[in-house]
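Okay, structure first, notes after.
Taken together, the values in this text are just the output of simple stated rules run on the coordinates, not laboratory data. Just so we're clear, the structure is a prediction, and the values are computed from it rather than from any experiment. Neighbour counts run over all protein chains shown; Cβ positions are idealised from the backbone, glycine included.
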Amino acid sequence: MKVAVMGYGTVGSGVVEVIDTHKEIIKKRTGGETLEVSHILDLRDFPGDSHESLFTKDFNDILNDPEVKVVAETMGGVEPAYTFTMKLLKAGKSVITSNKELVAQKGLELLDAAEESGANYLFEASVGGGIPIIRPMSQCLAANNIEGVAGILNGTTNFILTKMIEDGMTFEDALKLAQDNGYAEKDPTADIEGFDACRKVCILASLAFGKHVYPNQVETEGITNITLEDVSYISSIGVIKLLGQIKYISDDKIAAFVSPAVVQHGSQLASVNGVFNAILVRGDAVGDVCFYGPGAGKLPTASAVVADMVDAAKHINRKKIFGWSAGAEDYVVDYKESISVPFYVRAIADSHKIQSVFGEVKYLSRFGQPSKEIAFITDEMTENELKKKLEGIEVINTIKVTNY
Ligand code: HSE
């Protein structure tokens, strides 16, 4: 079967490589069908690349080739990926994507278009890189009411935090290393400010609870305010991770947010290091299940894309049931008002003042702690309650403590 790849960056070139190097196993898994890359769409030139004859700069070469039935979209970004994907789905071609931004923004429309034409729109690679999570969430856990999801969803930030925690490396040096390793997005702002994790939260929330959640509904905070001092205070109780969290509140309400979080030693998420991701799903029947693996990188992400291409090739005349319905503006609640957790607080204050405001707290210490600086863990409260209590106190940083 002829297939095409749109976008020959880190993931797209990995997809072509995996298809080239795994021909026999792919043939077995499709039930006899081989995947032959017939077109690679990219505006750039790749002189000397062994696939030079397959390159095109014209999307219509793929759209108008009736033999191309399955297309991998590894371009990233909303446009032109959205326009191309919509045209392909309407033409009855299945599209496989690793593009979380597109699924988070336009997943509903694209899934509806696939539904209408009978094609498949599959996006296993959009969350957790090589980790199987989309199928397990929508199929294997289908009997559960999902109570919540907590995930380390961004490899770059987890790599940076791990380097800060384990090697005392600066944020800037760790980011540079992540970029050199090909983990970071083209613009690392999407990683370090949490936007990439936010898009993945949208996809998981939409799947888990059946209604589309958009990025602007998910309050998002990145890791740029985390310092080696915070890492040091927290080291006695846990580690700092960038977590995407989703909580069921009622059939019409969920909470969904991305923020740094203190994950306590002993949590399944605490030992997830480097570029690895993990997604912990809490179901009412199954309890906690944790999906762990490489969350970014060329071949892990390509592994998930090519698996979807195999699935699409096997289901060329059958529709996979994936999807969700429209959401609503007030579907995602303000978590600052409704979710109570303990908080790590670092401030310039004395313990009498802290005790008068917070009562008994758990104090933390670090090597080289200035005499006026204080760090502690509060009781459970909402973020708005915390803000009120901290009025008049010179706060350096606050971080939520998670119960996952
Ligand atoms: N930049 C992303 C990450 C790539 O670091 O996780 C995978 O989505």
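Observations
- Fraction of alpha-carbon pairs over 21 Å apart in region 96-201 - percent: 46
- Computed from backbone phi, the HN-Hα couplings of region 260-267 come to x, 9, 7, 9, 6, 3, x, 5 Hz, rounded to whole numbers (Karplus: 6.51 cos²θ - 1.76 cosθ + 1.60, θ = phi - 60°; Gly and Pro given as x).
- Centroid-to-centroid separation of region 205-253 and region 320-358 [C-alpha atoms, Å]: 9
- Gained length - residue 61 relative to residue 236, 0.36 nm times residue gap less alpha-carbon distance: 57.2 nm
- Longest exposed-site-free window of the chain, the sites being trypsin sites (Lys or Arg not before Pro) in a DSSP loop that have at most 10 other C-beta atoms within 10 Å: 58-317
- Simple label model, 7 Å out from Cα along Cβ direction - residue 369 to residue 227, nm: 1.5
- In this rough spin-label picture, where each label sits 7 Å from Cα along the Cβ direction, the residue 356-residue 187 distance is 4.7 nm.
- Reachable lysines, given that their alpha-carbon falls under 19 Å from the alpha-carbon of residue 211 and they are not under 8 places away in the same chain: 100, 106, 200, 247, 253, 320
- Relative to its residue count, region 146-273 spans a Cα convex hull of 104 Å³ per residue.
- Partner lysines whose Cα lies under 21 Å from the Cα of residue 389, excluding those fewer than 8 positions away in the same chain, are identified as 336, 353, 362, 372, 400.
- Taking GluC sites (Glu not before Pro) in DSSP loop conformation with at most 11 other Cβ atoms inside 10 Å as exposed sites, the chain has its longest uninterrupted site-free stretch at 68-328.
- Descending principal axes extents, the chain, alpha-carbon based, whole Å: 75, 47, 33
- Binned Cα-Cα distance frequencies in region 198-298 - 5 Å width, integer %: 2, 11, 19, 23, 21, 15, 7, 2, 0
- Pair-distance profile P(r), taking every C-alpha pair of region 271-404, with 5 angstrom steps and integer %: 2, 7, 12, 12, 12, 13, 12, 10, 8, 5, 4, 3, 2, 0, 0
- When both bridge partners sit in the chain, DSSP labels roughly 65% of those beta bridges antiparallel.
- Panel order for 191, 173, by other beta carbons found within 10 Å of each beta carbon, from fewest to most: 173, 191.
- For residue 176, a cut-off of 21 angstrom between C-alpha atoms picks up these lysines, skipping any fewer than 8 places away in its own chain: 163, 186, 241, 298.
- Separation of the residue 142 and residue 285 label points, Cα + 7 Å toward Cβ, nm: 1.1
- The chain: angle of helix 298-314 to the longest principal axis, Cα-based, in degrees nearest 10: 50
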